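Working notes for the structure below.
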Amino acid sequence: MGAGTEIRLIALDVDGTLAARGDEITPRTRAALHRAVERGIHVAIATGRRYRTTLRIVEALGLPVDTVVLGGALVKDGERRTVQENHFHPDDFETIHSLARDHGHAIICHRDSDSRGGADFVIDADVPWNDSTRRYVEHNRDWAESESALAHERCPDAMVIGAFGSEAELRSWHGAIETRHPERFAPSLIPSDDHYYLELTPRDVTKWTGISLLAERRGLDAESICAVGDQINDLPMLRRAGMAVAMGNAIDSVKEACHWVTGRCDEDGIVTVVERVLEGR
């Protein structure tokens, strides 16, 4: 971070960063972020979540913040207007779909139902669903569609393609993508409590592309951004931001990429970040 540079925008990941459990934001963290906004600092959310589930976080936060969702593929302002969306090219969609079927994965294709109506995501019905996939669909039944003979024309506005599975299964698919198409896709393998999730966007779409767009709209440069995260899909924005902060619960590669490490998400680590920003450190 350059001498004399003032942080004007705090970009926050959600799960494992802003929210410790589900959609819960602690009172101390909420109060700290409200203080930051009152002092003229912009707050934005950058998450792999869908927009619908991100809105629950926005409501809990109590601030009309800009949001970067679906790993950077969809950007919305505080008035729920679409700033930018990135869809898969038909050839890229078919390439991913074919590779997924070769590895036995039912792909989940995420879209913007808030602007376009319809389902939040469309899932391949022709590949057997594992337990994690089945639970995900059951939990989101009202916002899910399944399609036989899934092809790009059945979901032309897909922005993120993902799949659930074991670490070994998804690493095999991840490796095939990286080996065969290193310049086309950006895969992120994300662990959860009892499964892994492989998230795919086009190579040039990341949380950083969304955050930098929001910053540009406000006349801000990278040095005036503080980015906070804990997982591998946070690395693009952490490596480019003027101040990069890892949560205490972050994976090692994230901690190594950051300028400093704050407390855990369940210990109000965001409060320390806000305090340092307000102090100008």
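Read-outs: derived from the displayed coordinates by stated rules, not from any lab. Note that the coordinates shown come from a computational prediction; the quantities given were computed from them, not determined experimentally. When we count neighbours, we look across all protein chains shown, and the Cβ atoms used for this are built from the backbone with ideal geometry, even at glycine.
Every residue in region 55-74 that is touching a helix residue (DSSP H, G or I) at 6+ places or on another chain (Cβ under 9 Å), touching a residue at least 24 places away in the same chain (Cβ under 8 Å) and either closer than 13 Å to Leu12 by Cβ or acidic (Asp, Glu) (or both), please.
Ala60, Leu61, Leu63, Asp66, Val68, Val69
Tally up the residues in region 151-188 that are assigned to a loop (DSSP other than H, G, I, E, B) and farther than 14 Å from Asp92 by Cα, please. Break it down stepwise before answering.
Step one: filter region 151-188 for residues assigned to a loop (DSSP other than H, G, I, E, B), giving 151, 155-159, 166, 181-184.
Applying the additional criterion that residues be farther than 14 Å from Asp92 by Cα yields 166.
So the answer is 1.
What are the residues in region 137-184 that are in contact with a Leu (Cβ under 9 Å, 6 or more places away or on another chain) and basic (Lys, Arg), if any?
If the condition is that a residue be in contact with a Leu (Cβ under 9 Å, 6 or more places away or on another chain) and basic (Lys, Arg), then Arg171, Arg180 are the ones that fit.
Report, by residue number, each residue of region 179-207 that is in contact with a helix residue (DSSP H, G or I) (Cβ under 7 Å, 6 or more places away or on another chain), under 14 Å from Gln231 (Cα atoms) and not β-branched (Val, Ile, Thr).
Pro187, Ser188, Leu189, Tyr196, Leu198, Glu199, Lys207
Say whether the condition of being of a type in the set (S, T, N, Q) and in a loop (DSSP other than H, G, I, E, B) is met by at least one residue in region 51-58.
Within region 51-58, the subset of a type in the set (S, T, N, Q) is 53-54.
Still in the list and also in a loop (DSSP other than H, G, I, E, B): none.
There is no residue in region 51-58 that is of a type in the set (S, T, N, Q) and in a loop (DSSP other than H, G, I, E, B).
Suppose we filter region 184-214 for residues that are within 19 Å of Arg240 (Cβ to Cβ) and of a type outside the set (Asp, Glu); how many remain?
15
Residues of region 31-59 being over 23 Å from Ala244 (Cβ atoms) and either surrounded by 17 or more Cβ atoms within 10 Å (Cβ to Cβ) or within 15 Å of the chain's Cα centre (by Cα) (or both), which ones?
Arg50, Tyr51, Arg52, Thr53, Leu55, Arg56, Val58
When the residues of region 2-30 are filtered to those that are touching an Asp or Glu at 6+ places or on another chain (Cβ under 6 Å) and in a loop (DSSP other than H, G, I, E, B), which remaining residue is surrounded by the fewest Cβ atoms within 10 Å (Cβ to Cβ)?
Gly2
For region 260-277, does any single residue satisfy the condition of being out of contact with any helix residue (DSSP H, G or I) (no Cβ under 7 Å at 6 or more places or on another chain), among the aromatic types (Phe, Trp, Tyr) and outside any helix (DSSP H, G or I)?
yes
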